[in-house]
Amino acid sequence: MSARAGNWLMAFGGVVILISLCFVPAIVGDRTDTSLLGAGASLFSFGALAVAAGTYLKAKLLQPATAEIAPPARRPRGGCDLCKGEAPVIQCKVHQLHLCPTCLAEHYDFRSCAYVPSTRGKVGKTLARAHGA
């Protein structure tokens with residue numbers, strides 16, 4: 001769809017709103033027929049809906065077409081989540097961080113954090129070479 005479709009939809013909604021306003025003199029002058037009030041209100045709300053849909057369509061077309069949003073990059077496995085260097089020895093369950101002894105000393109807070117031994121082991125070329133693989 002093009003932006004012209006949004007313009008046409010907004011123009012159509014404006015015309016419907018104007019037609020609905022033509023019911024006002026009939027409603028004010030003749031108070032015996034209450035169906036005119038419902039018809040005028042329905043036309044007015046339909047026109048407002050058409051104008052809003054046209055505005056939405058134009059705004060949607062103004063947004064740049066973006067490709068799929070790339071998933072967040074995965075954290076590297078095998079190292080401390082903070083310094084990315086040493087092997088982790090403990091995991092903070094509150095913050096979901098695997099910590100090495102150096103980073104644990106800075107992060108330690110007995111009041112709010114819960115710690116469990118880290119299940120993450122050393123992974124990488126240095127460990128493979130150490131085991132003779």
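The values are calculated or read from the model by the stated rules, or taken from the named source; none is laboratory data. Computed from a predicted model, the values in this text were never measured in an experiment. Cβ: placed from backbone, ideal geometry, glycine included. Neighbour counts: every protein chain shown. Just so you know, the surface numbers come from the protein's heavy atoms only, side chains and all, with ligands and any DNA or RNA stripped out. Shrake-Rupley method; radii C 1.70, N 1.55, O 1.52, S 1.80 Å.
For region 85-98, does any single residue satisfy the condition of being in a loop (DSSP other than H, G, I, E, B), open to solvent by 100 Å² or more (accessible area, probe 1.4 Å) and modelled with pLDDT under 80?
The answer is no; no qualifying residue exists.
Name the residues in region 3-26 that are open to solvent by less than 60 Å² (accessible area, probe 1.4 Å) and at pLDDT below 90, would you?
Matches in region 3-26: Ala3, Ala5, Gly6, Phe23, Ala26.
Select from region 27-36 the residues that are of a type outside the set (Val, Ile, Thr) and exposed (fewer than 15 other Cβ atoms within 10 Å of the Cβ) and list them in ascending order.
Gly29, Asp30, Arg31, Asp33, Ser35
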